Each structure stands twice: as C-alpha cells, then as structure tokens.
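These notes concern the structure reproduced below.
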Amino acid sequence: SQQGEEDPQALSIQEGENATMNCSYKTSINNLQWYRQNSGRGLVHLILIRSNEREKHSGRLRVTLDTSKKSSSLLITASRAADTASYFCATADYAGGTSYGKLTFGQGTILTVHP
Amino acid sequence: DAGVTQSPTHLIKTRGQHVTLRCSPISGHKSVSWYQQVLGQGPQFIFQYYEKEERGRGNFPDRFSARQFPNYSSELNVNALLLGDSALYLCASSSWTGGPTGELFFGEGSRLTVL
C-alpha cells in the first residue's frame, strides 16, 4: 500500500521558476526521503530529513518536515529543463522495536520544466 | 565503481510463465531490496535481504520469492505470471545494517511485460 499522498500529481512550470511539491503520510516515521525518477528509469536519492529535523537544504533543494501534520515539502529553486522528472517522497516508518530496510513511497509528482 | 546492475532490462512473458530477475549491489553493500513499480504509481516494497536472510516482506503473494547469494547479489522469482505482474522491477542496495532505512541506491530496473 502507498504511504503518502503527493500534491500536486503534475506540475508544469517555466525555467527559472520555483517548484514546490508536497507529501503527506500516515504513520510515525524515522526519516523521510525524496527521490527523482527520469522516464521510468531507476530512482535517484535527493535528500533525507530525519524526524527530529524541520528543514534541510542541498544545493537548489529545500525540504521541510512537519511531523505534527505528517507532511513534507520539496522546493526546487531556479528550476531547469533538466529537472523534468517524477519526484517521490518515501518514508522509513517507525515500527517500534522492529526495523528493517523498507521505504514506503508516495504516488509521485510529475514535474515538467519548459525551456 | 559500478552502481547497482540489473538484468535483463526488458523482457516479455506470457501468463502462467515464470521469470527470474537478477541484481548485483554496489560493492560493499550487504542489503538488497526489491520494489515493484506499476505504471503511474510509486514503487512498492516486495522484499529485503540482508546477509542472505530475508529481513522484510511486503504484501505480495507467495508466487513472489527471492534469495541472496554469498556475494550479496540477489534474484527475484515470480511464478505463474499474471497480467497484473507487468511492471518495472527495481532493485536497490544500501549500507543498511539495522535500524531505519537510509539512502537506497537503485538500479535501472527490469521492465516485465506479461501478455
């Protein structure tokens, strides 16, 4: 089953604009990660934010996490045509004393950046 | 260093057949996970193997099985294929040794079409 709901499902912007994608999840988490996927190929890790962090930056990426609202956002600043891809949030769920290497992915946001 | 490699990249099978997908993790990674991604959706967790033992299993029928070899490579087997098994099968490796999952490194996937 899918953990998260991502919003919007699709986003179309012009080069140079900022892109914001949102993710909501349902369970308690240890961390939340964002991945990028180009045209149905493999996923590439972008950034990880832990449950005790509220904001994290990496280059043009800014991620926020609000555990009280069970939501996260990914901001890509000064977008480029090469940023065109699908973006997925994924949670490493807290499972009490049991933990294993599973991520639960959202449905994804398709981002199109027009030159 | 080579990334995660998967084979075959594409394959076509008919209903009722069996398929074996293969994955070689990044050197030094002992954890391998398998995900199924149906078109238009996010990846869904199938299995995780660590040190040749199954450490997690998603909500998939017994037709799905996997194993990990002493060199940490892995195979995913699917028996009695159904049309609904058509998907991109993704393998991911990580440096996970326990606790919540960190960054996953994905291969390019094996695209299975069942006719």
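Readers should treat all values here as calculations from the given coordinates under stated rules, not as data from a laboratory. Note that this is a predicted model, so its numbers are computed, not measured. Cβ sites come from the backbone with ideal geometry, for glycine too, and all protein chains shown count toward neighbours.
Here is how the numbers come out for the structure above:
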item	result
Trypsin sites (Lys or Arg not before Pro) restricted to DSSP loop in the range A:18-68 with at most 12 other C-beta within 10 Å	A:Arg54
For the protein assembly as shown, with +1 on Lys and Arg beta carbons and -1 on Asp and Glu, the positive-most of A:Asn52, A:Ile76, B:Gly102 along the dipole	B:Gly102
Dipole in debye (nearest 20) - the range B:5-114, about Cα centre, beta carbon charges: Lys, Arg +1; Asp, Glu -1	220 debye
Average beta-carbon neighbours from other chains, 10 Å sphere, peptide B:95-108	6
Shielding of B:42-53 by partner chains, average beta-carbon count, 10 Å	4
Kirkwood hydrodynamic radius of the protein assembly as shown, from inverse mean 1/r over distinct Cα pairs, in Å	18.0 Å
Hits among lysines - C-alpha to C-alpha of B:Lys30 under 16 Å, sequence gap 8 or more where chains match	A:Lys102, B:Lys52
Rg(Cα) / (2.2 N^0.38 Å) computed for chain B, rounded to two decimals	1.00
Chain B - percent relative contact order, Cα under 8 Å, separation 6 or more	37 percent
Spread of Cα-to-Cα distances over 5 Å intervals beginning at zero, given as percent, for chain A	2, 12, 24, 25, 19, 10, 5, 2, 1, 0
Potential lengthening between B:Gln41 and B:Phe60 on full extension [0.36 nm per residue; Cα-Cα distance subtracted]	5.2 nm
Peptide-level mean, for A:34-43, of C-beta atoms on other protein chains within 10 Å	5
